[in-house]
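The values are calculated or read from the model by the stated rules, or taken from the named source; none is laboratory data. Owing to the predicted nature of the structure, the values given are computational and were not obtained by experimental measurement. Here the Cβ is made from the backbone with ideal geometry for all residues, glycine too, and neighbour counts use every protein chain on show.
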2 protein chains.
Amino acid sequence: MDHAETNDHGPEGAKSSVRNLLKGAGLRPTRQRVALASLLFARGNRHISAEILHEEAMIHRVPVSLATVYNTLHQFTGAGLLREVVVDGSKTYFDTNTDDHHHFYVEDDNVVIDIPPDSVTVDALPTPPPGMEITRVDVVVRLRRIPGRN
Amino acid sequence: MDHAETNDHGPEGAKSSVRNLLKGAGLRPTRQRVALASLLFARGNRHISAEILHEEAMIHRVPVSLATVYNTLHQFTGAGLLREVVVDGSKTYFDTNTDDHHHFYVEDDNVVIDIPPDSVTVDALPTPPPGMEITRVDVVVRLRRIPGRN
DNA sequence: ATTTGTGCAAATCGTTTGCATCTGA
DNA sequence: TCAGATGCAAACGATTTGCACAAAT
C-alpha cells in the first residue's frame, strides 16, 4: 500500500501515504494537513483534542494555528478519517479509529481509552420513535481511579 | 397553567412536597429553588438545559438569573436530585430521572429522550484497566429524522 | 491564474465566578 | 442574627468566523 518515497520534509516516510489518504478523501494535501495527518495517524489509535494536537504540532515544529487545527479536524471528520467522541460536556475528542467501538472515559484524568471490540455488547436495541432512524450507538464506560492504589 | 408563584398561604400540595424534597436533600428551600424544583419535577421526567429552564422560569414569572439556574442545577445534581446527561459536546442536559437508564438523542433537534428501561441491555462489561473501577455505563442511541417523512 | 486553505484576532457560545446585597432559619 | 443564597456583570475556556494573505493545482 504505502511506499516510502523520496520526501523532502524530514525523516518520516509516512508522509506520502498520508498524501494518498488525503487525496482519497478529496482533501488537498497541503503542508499543514499532511503534517497533522501524520501526527494523527502515525502512532496507532489516538484520542486527541484540538489543543493537544496543536501542542504536538508545535513540538514537532509544524507551524499551524489553533484555528487551522480545529478546521482540519472537522474536515477530517467530514471526510470519514476521524470520528468525534462525546464523553464530556466541555471538550471534544477526535478518534483516529473510525470502526464501530466504544470507550472508557477516566473522568479524573480526562482520558479516553478504546474498549476492545468484543468486550461490550449492546443487545435488544430499542425501537426508535416514529420517523427516526438510528445513526449510531455510543457506549461510554466511565471510570475512576480506585482510591488508595496506584 | 397553574400559578405556583403567588404568595398566598393556602395549601400548595406540589409546593410543600418540593420543600420536603429540598430539605431532605439538605438544601434550603429558598424561593428560587422551590420554583425551579417545581418546574423541574412537576411534569414527569424531563431533560433540560440551563437555558431552557431559565426561559421557563421567565415565562412563569419567576425572577431568577441564569447564573442562579446554573448554580441550582449543579446543587440539585450534587444532592442526587438530578443527573447530568452527556450527549453533545456543546450543551449540558440535566435529567430529572436519576434511575439507571439510557437515552436517545435526536441530533437534528437537540432533543434527549429516555429509552425505556428494558429495551437496551449492555452485557459483557469490559474489565477496567488496573486501578480503575466503573462508575457508570452510559448508552446513547443517536437518531436522525428519516428524510422525506414527517 | 484561479481556487482553496491558512493565520490571526476578534467574536461567539455556554458556563463559572467575584462580590455586594438580600433572605430564610 | 448571620450563614448561606442570589443577582449581576465581568471573567472564562473552548470553539468559530471574517478577512487579508499564501499556497496548491
Would you mind telling me which numbered condition in (1) within 22 Å of A:Thr92 (Cβ to Cβ); (2) buried (at least 21 other Cβ atoms within 10 Å of the Cβ); (3) within 10 Å of DNA strand C (Cβ to nearest atom) B:Lys91 fails?
-> (2)
How about the range A:131-150: which of its residues are facing another protein chain (nearest Cβ under 7 Å) and either of a type in the set (Lys, Arg) or part of a loop (DSSP other than H, G, I, E, B) (or both)?
-> A:Gly131, A:Arg136, A:Arg142, A:Arg144, A:Arg145, A:Ile146, A:Arg149, A:Asn150
Just one of the numbered conditions (1) more than 30 Å from B:Asp114 (Cβ to Cβ); (2) in contact with a Phe, Trp or Tyr (Cβ under 9 Å, 6 or more places away or on another chain) is not true of A:Ile115; which one?
-> (1)
Name every residue in the range B:86-107 that is among the acidic types (Asp, Glu) and more than 10 Å from chain A (Cβ to nearest Cβ), in order of residue number.
-> B:Asp95, B:Asp99, B:Asp100
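Examine the range A:89-96 for a residue that is within 19 Å of B:Pro126 (Cβ to Cβ) and either among the β-branched types (Val, Ile, Thr) or free of Cβ contacts under 8 Å to residues at least 60 places away in the same chain (or both), and state whether such a residue exists. First the steps, then the outcome.
Looking only at the range A:89-96, we keep the residues that are within 19 Å of B:Pro126 (Cβ to Cβ), and these are A:93, A:95.
This time we only want the ones that are either among the β-branched types (Val, Ile, Thr) or free of Cβ contacts under 8 Å to residues at least 60 places away in the same chain (or both), so: A:93, A:95.
The answer is yes, given that some residue of the range A:89-96 is within 19 Å of B:Pro126 (Cβ to Cβ) and either among the β-branched types (Val, Ile, Thr) or free of Cβ contacts under 8 Å to residues at least 60 places away in the same chain (or both).
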Would you pick out the residues in the range A:108-130 that are assigned to a loop (DSSP other than H, G, I, E, B), at the interface with chain B (Cβ under 7 Å from one of its Cβ atoms) and in contact with a strand residue (DSSP E or B) (Cβ under 6 Å, 6 or more places away or on another chain)?
-> A:Val120, A:Ala124, A:Pro126, A:Pro128
By residue number, the members of the range A:51-81 that are within 14 Å of chain B (Cβ to nearest Cβ) and surrounded by 20 or more Cβ atoms within 10 Å (Cβ to Cβ) are A:Leu73
From B:Ala14, B:Ala67, grab the single residue that is in a helix (DSSP H, G or I), modelled with pLDDT under 95 and farther than 30 Å from A:Val140 by Cβ.
-> B:Ala14
When the range A:31-46 is examined, which residues are found to be assigned to a helix (DSSP H, G or I) and surrounded by fewer than 17 Cβ atoms within 10 Å (Cβ to Cβ)?
-> A:Arg31, A:Ala42
Considering only the range A:58-88, how many residues are in contact (Cβ under 8 Å) with a residue 12 or more places away in the chain and at positive phi?
-> 1
